[in-house]
Amino acid sequence: MRLFRPLTVSALLVVAMLGSTSVASAASRADKTSTNGYDIGWPQCGVAYPVHPAFGIVGVNGGIVFSANPCLSSEIAWAGGVTAQLYANTGNPGPGLSTHWPDGQLSPAACNPLRTTALADRDTFACAYDYGYNAAADSYNDAVQAFTALGLAAATPATSAWWFDVEISNSWRSAVDLNVATLQGAAYYLSSVGVPNSNIGFYSTQYQWNVITGGNTSFAAFKSWVAGASSARDAGGRCVGTGFTGGGVALAQYPQNGFDADLRCN
(Lines give C-alpha, C1' and ligand atoms only; values in the text may rest on other atoms or scores of the structure.)
Protein backbone atom coordinates (compact mmCIF):
# COMPACT_ATOMS: atom_id res chain seq x y z
CA MET A 1 0.00 0.00 0.00
CA ARG A 2 2.00 2.93 -1.19
CA LEU A 3 1.12 6.10 0.64
CA PHE A 4 -0.16 9.27 -0.98
CA ARG A 5 -2.18 7.39 -3.58
CA PRO A 6 -5.86 8.17 -3.96
CA LEU A 7 -8.14 5.91 -1.93
CA THR A 8 -5.58 3.20 -1.73
CA VAL A 9 -4.38 0.30 0.18
CA SER A 10 -1.29 -1.28 -1.21
CA ALA A 11 0.36 -0.51 -4.37
CA LEU A 12 2.72 -3.22 -4.36
CA LEU A 13 2.65 -6.77 -5.36
CA VAL A 14 0.60 -8.26 -7.87
CA VAL A 15 -0.75 -11.67 -8.52
CA ALA A 16 -2.58 -13.79 -10.87
CA MET A 17 -5.59 -15.46 -9.37
CA LEU A 18 -4.45 -18.73 -7.86
CA GLY A 19 -7.63 -20.47 -8.89
CA SER A 20 -7.48 -24.08 -7.85
CA THR A 21 -3.94 -23.84 -6.53
CA SER A 22 -3.86 -25.42 -3.08
CA VAL A 23 -2.89 -23.56 0.03
CA ALA A 24 0.03 -25.93 0.45
CA SER A 25 1.48 -25.17 -2.96
CA ALA A 26 0.91 -21.44 -2.44
CA ALA A 27 2.67 -21.65 0.90
CA SER A 28 5.65 -23.29 -0.78
CA ARG A 29 6.02 -20.14 -2.87
CA ALA A 30 6.17 -17.99 0.24
CA ASP A 31 9.44 -19.56 1.27
CA LYS A 32 12.64 -18.03 2.55
CA THR A 33 14.47 -17.84 -0.76
CA SER A 34 14.17 -14.06 -0.67
CA THR A 35 14.98 -11.62 2.09
CA ASN A 36 12.19 -9.35 0.85
CA GLY A 37 8.66 -9.44 2.11
CA TYR A 38 5.90 -7.90 0.00
CA ASP A 39 2.43 -6.57 0.62
CA ILE A 40 -0.46 -6.72 -1.81
CA GLY A 41 -4.13 -5.81 -1.84
CA TRP A 42 -7.13 -5.29 -4.09
CA PRO A 43 -5.22 -3.28 -6.76
CA GLN A 44 -3.23 -6.43 -7.51
CA CYS A 45 -6.23 -8.58 -8.39
CA GLY A 46 -5.70 -10.39 -11.66
CA VAL A 47 -1.98 -9.86 -12.07
CA ALA A 48 1.10 -11.90 -11.21
CA TYR A 49 2.14 -11.77 -7.58
CA PRO A 50 5.81 -11.46 -6.59
CA VAL A 51 7.56 -14.83 -6.43
CA HIS A 52 9.31 -16.34 -3.44
CA PRO A 53 8.68 -13.63 -0.85
CA ALA A 54 10.20 -14.14 2.55
CA PHE A 55 6.79 -13.18 3.91
CA GLY A 56 3.57 -11.70 2.57
CA ILE A 57 1.16 -9.09 3.89
CA VAL A 58 -2.34 -8.93 2.42
CA GLY A 59 -4.95 -6.17 2.50
CA VAL A 60 -8.34 -7.49 3.54
CA ASN A 61 -10.31 -4.46 2.31
CA GLY A 62 -11.15 -3.04 -1.08
CA GLY A 63 -9.44 0.27 -0.41
CA ILE A 64 -11.71 1.66 2.31
CA VAL A 65 -13.33 0.35 5.48
CA PHE A 66 -16.43 -1.83 5.18
CA SER A 67 -15.35 -3.17 1.81
CA ALA A 68 -13.87 -6.56 0.94
CA ASN A 69 -10.84 -7.32 -1.22
CA PRO A 70 -12.32 -9.49 -4.02
CA CYS A 71 -9.05 -11.44 -4.29
CA LEU A 72 -8.53 -11.92 -0.57
CA SER A 73 -8.54 -15.72 -0.60
CA SER A 74 -6.03 -16.06 -3.43
CA GLU A 75 -3.75 -13.41 -1.95
CA ILE A 76 -3.80 -15.05 1.48
CA ALA A 77 -2.91 -18.35 -0.21
CA TRP A 78 -0.01 -16.62 -2.00
CA ALA A 79 1.21 -15.25 1.33
CA GLY A 80 1.31 -18.72 2.88
CA GLY A 81 -2.18 -19.25 4.24
CA VAL A 82 -2.06 -19.24 8.03
CA THR A 83 1.36 -17.54 7.96
CA ALA A 84 0.04 -14.55 6.01
CA GLN A 85 0.11 -11.17 7.70
CA LEU A 86 -2.99 -9.02 7.20
CA TYR A 87 -3.70 -5.33 7.03
CA ALA A 88 -6.98 -3.41 7.28
CA ASN A 89 -7.95 0.07 6.19
CA THR A 90 -9.02 2.66 8.73
CA GLY A 91 -10.87 5.95 8.55
CA ASN A 92 -13.45 8.16 10.23
CA PRO A 93 -15.79 9.98 7.82
CA GLY A 94 -18.14 11.07 10.59
CA PRO A 95 -21.92 10.70 10.94
CA GLY A 96 -22.70 13.00 8.04
CA LEU A 97 -20.97 10.83 5.44
CA SER A 98 -20.98 7.24 6.66
CA THR A 99 -23.85 4.82 6.18
CA HIS A 100 -22.22 2.65 8.84
CA TRP A 101 -22.37 5.17 11.66
CA PRO A 102 -23.25 3.35 14.93
CA ASP A 103 -26.21 5.47 16.10
CA GLY A 104 -27.79 3.80 19.11
CA GLN A 105 -25.03 1.23 19.58
CA LEU A 106 -24.45 0.65 23.29
CA SER A 107 -21.32 -1.50 23.26
CA PRO A 108 -18.38 -1.33 23.54
CA ALA A 109 -19.25 2.37 23.97
CA ALA A 110 -22.62 4.12 24.10
CA CYS A 111 -23.12 6.01 20.85
CA ASN A 112 -26.17 8.28 20.85
CA PRO A 113 -28.27 5.91 23.01
CA LEU A 114 -31.38 8.10 22.63
CA ARG A 115 -30.96 8.08 18.84
CA THR A 116 -31.39 11.82 18.57
CA THR A 117 -30.73 13.77 15.39
CA ALA A 118 -28.52 16.30 17.19
CA LEU A 119 -25.02 16.26 15.73
CA ALA A 120 -23.55 16.77 19.18
CA ASP A 121 -25.02 13.40 20.23
CA ARG A 122 -23.94 11.59 17.09
CA ASP A 123 -20.43 12.95 16.64
CA THR A 124 -18.76 11.84 19.85
CA PHE A 125 -15.71 9.97 21.08
CA ALA A 126 -17.94 6.97 21.90
CA CYS A 127 -19.43 6.91 18.40
CA ALA A 128 -16.00 7.15 16.78
CA TYR A 129 -14.76 4.33 19.02
CA ASP A 130 -17.67 2.09 17.99
CA TYR A 131 -17.13 2.98 14.34
CA GLY A 132 -13.51 1.80 14.51
CA TYR A 133 -14.53 -1.29 16.46
CA ASN A 134 -17.17 -2.20 13.87
CA ALA A 135 -14.83 -1.55 10.93
CA ALA A 136 -12.21 -3.86 12.42
CA ALA A 137 -14.89 -6.48 13.06
CA ASP A 138 -15.96 -6.31 9.42
CA SER A 139 -12.35 -6.69 8.25
CA TYR A 140 -11.79 -9.60 10.61
CA ASN A 141 -14.93 -11.32 9.33
CA ASP A 142 -13.67 -10.94 5.76
CA ALA A 143 -10.49 -12.72 6.82
CA VAL A 144 -12.49 -15.49 8.52
CA GLN A 145 -14.45 -16.06 5.32
CA ALA A 146 -11.25 -16.22 3.29
CA PHE A 147 -9.73 -18.73 5.70
CA THR A 148 -12.86 -20.86 5.38
CA ALA A 149 -12.79 -20.66 1.59
CA LEU A 150 -9.19 -21.90 1.66
CA GLY A 151 -10.05 -24.83 3.89
CA LEU A 152 -8.37 -23.23 6.89
CA ALA A 153 -11.47 -23.38 9.09
CA ALA A 154 -9.47 -25.08 11.85
CA ALA A 155 -7.22 -22.00 11.93
CA THR A 156 -8.17 -18.47 12.86
CA PRO A 157 -7.03 -14.99 11.80
CA ALA A 158 -6.54 -14.28 15.52
CA THR A 159 -3.11 -15.90 15.22
CA SER A 160 -2.12 -13.66 12.29
CA ALA A 161 -0.15 -10.44 12.51
CA TRP A 162 -2.52 -7.52 11.84
CA TRP A 163 -1.71 -4.01 10.67
CA PHE A 164 -4.00 -0.98 10.55
CA ASP A 165 -3.43 1.20 7.49
CA VAL A 166 -3.51 4.87 8.57
CA GLU A 167 -3.34 7.14 5.51
CA ILE A 168 -4.57 10.63 4.72
CA SER A 169 -6.00 9.33 1.43
CA ASN A 170 -8.90 7.88 3.42
CA SER A 171 -11.57 9.94 5.21
CA TRP A 172 -10.59 11.49 8.54
CA ARG A 173 -11.85 14.20 10.85
CA SER A 174 -10.17 17.49 11.61
CA ALA A 175 -10.75 16.70 15.30
CA VAL A 176 -7.83 14.33 15.88
CA ASP A 177 -9.26 13.04 19.17
CA LEU A 178 -12.10 11.44 17.20
CA ASN A 179 -9.60 9.82 14.86
CA VAL A 180 -7.67 8.46 17.82
CA ALA A 181 -10.90 7.04 19.24
CA THR A 182 -11.53 5.21 15.97
CA LEU A 183 -8.09 3.60 16.01
CA GLN A 184 -8.46 2.68 19.68
CA GLY A 185 -11.78 1.00 18.93
CA ALA A 186 -10.23 -0.93 16.05
CA ALA A 187 -7.33 -2.17 18.17
CA TYR A 188 -9.73 -3.11 20.96
CA TYR A 189 -11.78 -5.27 18.61
CA LEU A 190 -8.78 -7.33 17.57
CA SER A 191 -7.79 -7.72 21.20
CA SER A 192 -11.33 -8.87 22.01
CA VAL A 193 -11.08 -11.79 19.55
CA GLY A 194 -7.73 -12.91 20.90
CA VAL A 195 -5.13 -11.09 18.80
CA PRO A 196 -2.29 -10.18 21.18
CA ASN A 197 -0.94 -6.63 21.18
CA SER A 198 2.36 -8.02 19.94
CA ASN A 199 0.55 -9.06 16.73
CA ILE A 200 -1.10 -5.66 16.16
CA GLY A 201 0.61 -2.70 14.53
CA PHE A 202 0.04 0.41 12.44
CA TYR A 203 1.19 1.34 8.93
CA SER A 204 1.83 5.01 8.22
CA THR A 205 4.46 7.72 8.08
CA GLN A 206 5.29 10.13 10.87
CA TYR A 207 3.78 12.97 8.83
CA GLN A 208 0.47 11.21 8.20
CA TRP A 209 0.32 9.94 11.77
CA ASN A 210 0.75 13.50 12.97
CA VAL A 211 -1.98 14.82 10.66
CA ILE A 212 -4.48 12.11 11.56
CA THR A 213 -3.78 11.58 15.27
CA GLY A 214 -1.96 14.74 16.24
CA GLY A 215 1.12 12.62 16.97
CA ASN A 216 -0.76 10.66 19.61
CA THR A 217 1.48 8.60 21.89
CA SER A 218 -1.12 6.28 23.44
CA PHE A 219 -0.33 3.44 21.01
CA ALA A 220 3.09 2.54 22.37
CA ALA A 221 1.94 -1.05 22.94
CA PHE A 222 1.90 -1.50 19.15
CA LYS A 223 4.65 -1.63 16.53
CA SER A 224 5.11 0.72 13.58
CA TRP A 225 5.32 -0.33 9.93
CA VAL A 226 6.91 2.71 8.32
CA ALA A 227 6.40 3.72 4.70
CA GLY A 228 8.23 6.19 2.51
CA ALA A 229 11.69 4.68 2.09
CA SER A 230 13.24 5.04 -1.38
CA SER A 231 15.41 1.90 -1.30
CA ALA A 232 16.34 -1.11 0.78
CA ARG A 233 19.22 0.86 2.25
CA ASP A 234 16.93 3.74 3.11
CA ALA A 235 14.48 1.27 4.66
CA GLY A 236 17.24 -0.11 6.85
CA GLY A 237 17.95 3.39 8.09
CA ARG A 238 14.31 3.71 9.18
CA CYS A 239 14.44 0.59 11.34
CA VAL A 240 15.52 2.65 14.31
CA GLY A 241 13.86 4.52 17.12
CA THR A 242 10.41 4.12 18.55
CA GLY A 243 8.47 4.70 15.33
CA PHE A 244 5.41 6.89 15.04
CA THR A 245 3.46 4.72 17.53
CA GLY A 246 6.23 4.85 20.12
CA GLY A 247 6.35 1.04 20.23
CA GLY A 248 9.32 0.48 17.92
CA VAL A 249 9.69 -0.19 14.20
CA ALA A 250 8.92 -3.71 12.96
CA LEU A 251 8.83 -3.19 9.18
CA ALA A 252 9.98 -0.61 6.67
CA GLN A 253 8.46 -0.45 3.17
CA TYR A 254 10.37 0.44 0.00
CA PRO A 255 9.99 -0.04 -3.79
CA GLN A 256 11.59 -3.17 -5.27
CA ASN A 257 11.35 -4.40 -8.87
CA GLY A 258 8.10 -2.57 -9.45
CA PHE A 259 6.54 -3.75 -6.21
CA ASP A 260 6.35 -2.55 -2.64
CA ALA A 261 8.80 -4.61 -0.61
CA ASP A 262 9.05 -4.77 3.16
CA LEU A 263 12.16 -5.07 5.27
CA ARG A 264 11.81 -6.88 8.58
CA CYS A 265 13.64 -4.79 11.15
CA ASN A 266 15.83 -6.45 13.76
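The values are calculated or read from the model by the stated rules, or taken from the named source; none is laboratory data. Predicted, not measured: the structure shown is a model, and the values here were computed from it. As a convention, Cβ positions derive from the backbone with ideal geometry for all residues, glycine included, and neighbour counts pool all protein chains shown. Accessible surface areas use protein heavy atoms only, side chains included; no ligands, DNA or RNA. Shrake-Rupley method; radii C 1.70, N 1.55, O 1.52, S 1.80 Å.
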About the Cα centre, and with charges only on the beta carbon of Lys, Arg (+1) and Asp, Glu (-1), how big is the dipole of the chain? Nearest 20 debye, please. 420
Over the chain: Rg over Rh, Cα atoms, Kirkwood Rh: 0.97
Average the reciprocal distances over every distinct pair of alpha-carbons in region 192-252, invert the result, and give the Kirkwood radius in Å. 11.8
Once you compute Rg and the Kirkwood Rh from C-alpha atoms, what is the Rg to Rh ratio for region 57-176? 1.04
Say each of Ala48 and Ala155 gets a label point 7 Å from the Cα, pointing the same way as Cα to Cβ; how far apart are those two points in nm? 2.5
Sorting Asp103, Asp177, Asp260 on solvent-accessible surface, 1.4 Å probe, most exposed first, gives Asp177, Asp103, Asp260
Would you mind getting me the FRET efficiency between Ser198 and Ala137? Use the beta-carbon distance for r and R0 = 22 Å, nearest 0.05. 0.60
At a 1.4 Å probe, what is the % contribution of carbon and sulfur to the accessible area of region 145-209? 54
Could you state how much accessible area Val51 has, in square angstrom rounded to the nearest 10, with a 1.4 Å probe and all protein chains kept in place? 110
With the label point 7 Å along the Cα-to-beta-carbon line of Thr83 and a cut-off under 20 Å to each amide N, the hits in region 119-158 are 147-148, 150-158
Heavy-atom accessible area per residue - region 121-244, 1.4 Å, Å²: 39
With runs of 4+ DSSP H residues as the only contributors, calculate the mean residue ellipticity of the chain at 222 nm using -39,500 (n - 2.57) per run, divided by the residue total and rounded to the nearest 500. -8500 deg cm²/dmol
Per-residue counts of other Cβ atoms within 10 Å, averaged by peptide: what ranking do you get for 130-139, 153-162, highest first? 130-139, 153-162
Kirkwood-based Rg to Rh ratio, region 135-224, C-alpha trace: 1.01
J(HN,Hα) series, region 150-165, from Karplus relation 6.51 cos²θ - 1.76 cosθ + 1.60, nearest Hz, glycine and proline x: 8, x, 9, 4, 6, 9, 8, x, 5, 8, 7, 7, 10, 10, 9, 7
Relative contact order for region 146-266: what percent, with Cα pairs under 8 Å and sequence separation of 6 or more? 20
